[in-house]
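Here the structure comes first, spelled out in structure tokens, and everything after it is commentary.
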Amino acid sequence: MTALAGLDLGDRTIGVAVSDSFRQVATPLETIRRKKFGVDAARLMEIAKDRSLGGIVLGLPRNMDGSEGPRCQSTRAFARNLSRLTDLPIGFWDERLSTVAAERALLEADTSRKRRAEVIDHVAAGYILQGVLDRMRHMQ
């Protein structure tokens, strides 16, 4: 088995989390400050190569009623563009409330406001990826 990456795609940042090679635990890795697609994608491909990833999961920001809005379209467009650069499978995971859960966990850990702002995106990516890993384990 190979590790997976989870991405929390925002307008200004991309939160990145990776799993272990046994696909048991998601670990927040870093937050990429978005510049241009080419620069962002190059960093993601660098992570994929360094970590020997087997796939990428993007959080799909559905509305609370399950419908897809402009942010979902943007995420799907990002995935289409990224798929042109790699043969890695790219999937989606419903990310509703992942940022809320990450914020709550950081508050419980008594993290300062400044530190929360620095890490919230890759912690949310960790929640997205852990959801995928848990689901995969449940399906086996």
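The values are calculated or read from the model by the stated rules, or taken from the named source; none is laboratory data. Quick caveat, the model's predicted, so the values are computed rather than measured. Every residue, glycine as well, gets a Cβ built from its backbone with ideal geometry; the counts of neighbours run over all protein chains shown. Just the protein is used for accessible areas: all its heavy atoms, side chains included, with ligands, DNA and RNA removed. Shrake-Rupley method; radii C 1.70, N 1.55, O 1.52, S 1.80 Å.
When the convex hull of its Cα atoms is viewed from all sides, segment 1-139 shows a mean projected area of 8.5 nm². Direction-averaged projected area, Cα convex hull, segment 27-85: 5.0 nm², rounded to one decimal. With contacts taken as Cα pairs under 8 Å and at least 6 residues apart, the chain reaches a relative contact order of 33 percent.
Residues Glu68, Glu95 ordered from highest to lowest accessible area at a 1.4 Å probe: Glu68, Glu95.
If you take all other residues with their beta carbon under 13 Å from the beta carbon of Val39, and give Lys and Arg +1 and Asp and Glu -1, the sum is +3.
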